[in-house]
Amino acid sequence: MWPDIPRVGAGECHVWIADAVRVPSQQPLLELLDARERARHDAYVRESDRALYLTAHALLRQVVAAQLGGDPREVRFTHECRHCDRPEPHGKPGLVDSALELSLSHSGDRVAVALSLPGPVGVDIERVADDGRAADLAPVVLAAAERDELERLSAGERAWGFTRYWARKEAVLKATGDGLMVEPALVTVSAPGAPAALLEWRERAEPHLPVRLHDVDAGDGYRAAVAVLGDQCRVVRHEVGLST
Ligand SMILES: CC(C)(COP(=O)(O)OP(=O)(O)OC[C@H]1O[C@@H](n2cnc3c(N)ncnc32)[C@H](O)[C@@H]1OP(=O)(O)O)[C@@H](O)C(=O)NCCC(=O)NCCS
């Protein structure tokens, strides 16, 4: 389905941005999923949510299989939660017996999948929602300095500015595996118009590996970011059938 998948070299993080697959092309992809993934796919009520989930997980299986060799259906994932020991698989996804790190994200009609060789990775993609969400969520999820920066933007720029903040923060929290169990307001990232960087993380739990934060072009109407822990790395972006 997705030809010519490049290999991830040492010191690299690759990010694939893809549109959700359309209905007729779904069956071959469904066959790539394992039983747990298929059950999660089937549980979504809306067709668009099923397509989004399917795209993310089928793409992940294919890009991982292209690195490791072998059948995408045979890729085995781990799930690690830093916050509880509930038995069902949940939390940050990883791979059995591989140094390759991975992350995935879905929003609107688009997905992002990241593979990294330097270290743990978190990717986040967000559709820019021009529906007042920025105004509602900013007081809760932004740090004081970020709220001040957002206020400085014109009303028309605030939705994308907020989305930029949100994608950067969530990428950081997904790289560490904390997810939204850590209050996003504890994490301060650079202003939307400035190069991506983690500026501060109050009450951060050990270990404190350096966080390398990068924006990723996610196409019109979307913002995305990727965070890698540890050594500096080169970010390589790929896109798969983005509608314009
Ligand atoms: C994980 C989380 C950050 C995802 O945010 P989101 O914007 O809703 O979703 P995204 O599309 O960007 O990412 C979803 C993917 O993140 C991955 N993920 C899940 N938990 C993760 C974690 N702790 N760290 C990193 N990645 C995680 C999964 O691959 C998931 O994909 P899937 O649901 O299709 O399997 C957020 O939902 C969260 O923190 N959830 C856990 C909160 C919670 O209630 N935990 C209770 C159990 S301790």
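What follows is calculated from the coordinates using simple rules that are stated; it is not laboratory data. Since this is a predicted model, take the numbers as computed values, not measurements. Neighbour counts are summed over all protein chains in view; Cβ atoms, including those assigned to glycine, are modelled from backbone coordinates with ideal geometry.
A few remarks follow.
- Highest mean packing first, where packing is the average number of other Cβ atoms within 10 Å per residue, the peptides 9-22, 143-156, 49-62 line up as 49-62, 9-22, 143-156.
- Over 31 Å [Cα-Cα, the stretch 12-240], rounded percent: 20
- Residues considered: LEU142, LEU33, LEU209. Largest GNM mean-square fluctuation over the chain, using C-alpha springs under 10 Å, is found at LEU209.
- Contour excess over end-to-end distance, with Cα ends at VAL96 and GLU200 and 0.36 nm allotted per residue: 34.2 nm
- Whole-number percent relative contact order across the stretch 12-240, with pairs defined as alpha carbons under 8 Å at least 6 apart: 23
- The shape of the stretch 141-183 can be summarised by an equivalent ellipsoid whose semi-axes, obtained from the alpha carbon gyration tensor, come to 23, 11, 6 Å from longest to shortest.
- Phi-based couplings in Hz for the stretch 68-74 (Karplus 6.51, -1.76, 1.60; Gly and Pro marked x): 8, x, x, 8, x, 5, 8
- Label point 7 Å beyond Cα of THR78 along Cβ direction - residues of the stretch 85-117 with amide nitrogen under 15 Å: 89-103
- Label-to-label distance, nm, for residues given as LEU209 and HIS238 (7 Å Cα→Cβ offset): 2.2
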